[in-house]
Structure formats: C-alpha cells, structure tokens
Amino acid sequence: MNRKERQEARAERYREYAENAEKRATAAFNASNAAVAGIPPGQPILVGHHSEKAHRRALERSNGAMMRSVHESEKAAYYRQKAEAAENNDNIYLGDDDAIERLKEKIAELTTKQDRMKSVNKLMRSKMSNEDKIAKLIELGFSHSGAKNVVAHGSSFPAYMLTNNNARINAAKKQLEKAKSLAGKEDREYEAGDLTIEECYSENRVRFYFPGKPDDDMRTELKSNGFRWAPSMGCWQAYINRRTLRFVNDITKSNQ
C-alpha cells in the first residue's frame with residue numbers, strides 16, 4: 001500500500017468514526033427525550049409529593065443522555081475534520097513512491113511562478129505604453145480585465161513574495177536531492193544484541209523492534225530522538241535523518 005492509498009484509507013476510517021459518533025449522538029438524544037416523555041412540558045418538581053424522586057431521576061437521566069449526545073456530536077465533527085484534512089493533504093514525503101516525480105513537478109511550477117513574477121515586475125518598470133503592457137500581461141497568462149487592473153493600479157509583486165518563493169524552490173531542490181539519495185540506497189535489517197533494527201530507505205523510516213517493552217529511560221530517549229511507537233507494526237520508528245541514524249549507531253554500539 002503506497003502513501004496515497006494509506007491516506008485514502010485513513011480518511012475513510014475517520015469518516016466511519018464520524019458516522020458511528022453521529023449514530024451514538026442520535027441515540028443519546030432520543031434517550032434524553034424518552035427519559036422525560038411521561039412528564040408534561042414545564043411540569044415543576046412537586047417537592048414532598050410521591051412523584052418527586054422519580055421526577056428528579058428522570059431529569060438526571062435526560063440531562064446525562066443529552067450531555068452524551070453533545071459529546072458525540074462534537075466527536076463526529078472532529079473526525080469529519082480529520083477526514084477532510086487527510087483527503088486534502090498534498091504534502092510530499094520522501095518515502096512516497098512518486099516523491100521524485102512530484103518534487104520535480106513542484107520545482108517546475110515554483111520556477112515558472114518565479115519567472116512570471118519577475119517578468120511582471122520588469123514589465124511594470126518599463127516605459128512602454130499601457131496598451132502594450134496590457135498585451136504583454138495577457139501573453140503572461142492574465143485575463144484582459146486582470147491585465148487592465150494591474151496596469152491601472154501600477155501593481156507589481158513585492159520583493160518578499162519573490163524571496164519566499166525562491167526559498168521554497170531551494171527547499172524543494174534539497175528535498176529532491178535527498179529523495180534521490182534515499183532511492184539509491186537499499187533497505188537493510190540487522191541485529192544488535194536482542195534488538196532488531198530496520199533501515200527502510202524506500203519508506204524513509206528507521207525502526208527498532210524490541211523483544212519486549214523498553215524501560216522508561218529507553219522510551220524517553222526514543223521519544224527525544226524523534227521515535228514514536230507504531231502499534232500496527234509493533235515497533236518504534238522515526239524518519240531517517242542524521243539525528244536518528246546517529247542514535248541508531250549509539251544504540252548499536254551499546255548493545256554489542
């Protein structure tokens with residue numbers, strides 16, 4: 001299963017959680033109404049009457065069920081947001097099967113955007129007529145109305161936009177080089193004492209498989225070095241980087 005498939009599965013799982021929470025919210029709401037169904041609307045508690053205790057218990061059951069309904073409704077909204085976030089997550093991870101291809105596309109898009117902003121700024125600084133500027137802006141992809149609006153207001157892209165976009169280009173290029181480097185390395189698995197270590201470059205993950213639950217000190221060390229427990233795999237894993245590989249090297253030496 002690639003990352004896209006895992007992303008879709010995660011979104012579907014969150015949607016299922018939301019639907020189940022909504023069903024529980026509806027059931028609790030109905031239970032709240034049922035608890036006081038036999039009490040006339042607006043009927044006060046008749047203090048000292050034989051119905052007082054039953055009336056109070058009914059109100060308590062109704063209020064408790066209503067609180068559960070509100071809680072489940074909030075939980076459903078939370079999971080719907082999680083599902084939407086999972087579906088719309090277009091971040092590029094080094095362990096993605098198509099990471100290199102997508103990073104190349106990202107760099108190309110950002111570079112095109114950078115060149116376009118530079119061209120617009122150069123054009124707006126030129127002494128050519130407004131009509132010619134409008135024509136050139138249309139060639140750069142602006143609509144006729146958009147080009148007229150830019151020329152009328154003398155608009156140009158501020159320096160910080162070019163600086164920020166250029167920084168994104170450089171960051172993507174560095175990520176691409178790392179993705180290429182990882183793609184050229186083979187996954188490896190080895191043991192250090194009773195500990196199994198897996199360097200999975202194809203997924204950009206390094207994993208520790210302990211024979212049992214690590215003690216408190218070890219768990220603290222793992223967390224401080226970027227490792228998190230992965231219940232589905234029964235291991236502690238982290239992204240591959242200098243810090244995690246240095247930690248792996250230290251653990252390997254200490255277990256020999």
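The values are calculated or read from the model by the stated rules, or taken from the named source; none is laboratory data. Every value quoted in this text rests on a predicted model; they were computed, and no experiment measured them. FYI the Cβ positions are ideal-geometry reconstructions off the backbone, even for glycines, and counts take in every protein chain you see. With ligands, DNA and RNA removed, areas are computed over all heavy atoms of the protein, side chains included. Shrake-Rupley method; radii C 1.70, N 1.55, O 1.52, S 1.80 Å.
Points worth noting:
- Additional length obtainable on full extension of the chain from Glu101 to Ile45, 0.36 nm per residue less Cα span: 13.1 nm
- Distance (nanometres) between label positions extended 7 Å along Cα→Cβ at Lys213 and His153: 6.0 nm
- Protection proxy ranking for 213-222, 113-122, using the average of other Cβ atoms within 10 Å per residue and placing the highest first: 113-122, 213-222.
- The figure for Val150 is an accessible area of roughly 20 square angstrom, using a 1.4 Å probe on the protein chains alone.
- Once mean projected area of the Cα convex hull in nm² is calculated for the structure shown, the corresponding label among (1) 25.9; (2) 16.1; (3) 13.2 turns out to be (1).
- With helices as the sole contributors, the chain gives -22000 deg cm²/dmol at 222 nm; each DSSP H run of n ≥ 4 counts as -39500 (n - 2.57), and the sum is divided by every residue.
- Taking label points 7 Å from Cα along the Cα-to-Cβ direction, Glu191 and His144 give a separation of 7.7 nm.
- Members of Lys23/Lys213; Lys127/Lys173; Lys82/Lys106; Lys148/Lys174; Lys178/Lys253; Lys133/Lys180 lying beyond 32 Å, as alpha-carbon distances in this model show: Lys23/Lys213; Lys127/Lys173; Lys148/Lys174; Lys133/Lys180
- With the simple model of a label 7 Å out from the Cα in the direction of the Cβ, Glu16 to Asn249 spans 4.3 nm.
- Coordinate range along principal axes, alpha carbons of the stretch 59-141, Å, largest first: 79, 38, 16
- Kyte-Doolittle mean at least -1.0, axial Cα span of 20 Å or more - DSSP H helices of the chain: 99-125, 159-183
- Each of the peptides 20-30, 201-211, 138-148 was scored by the mean count of other Cβ atoms within 10 Å over its residues; in descending order, highest first, they stand as 201-211, 20-30, 138-148.
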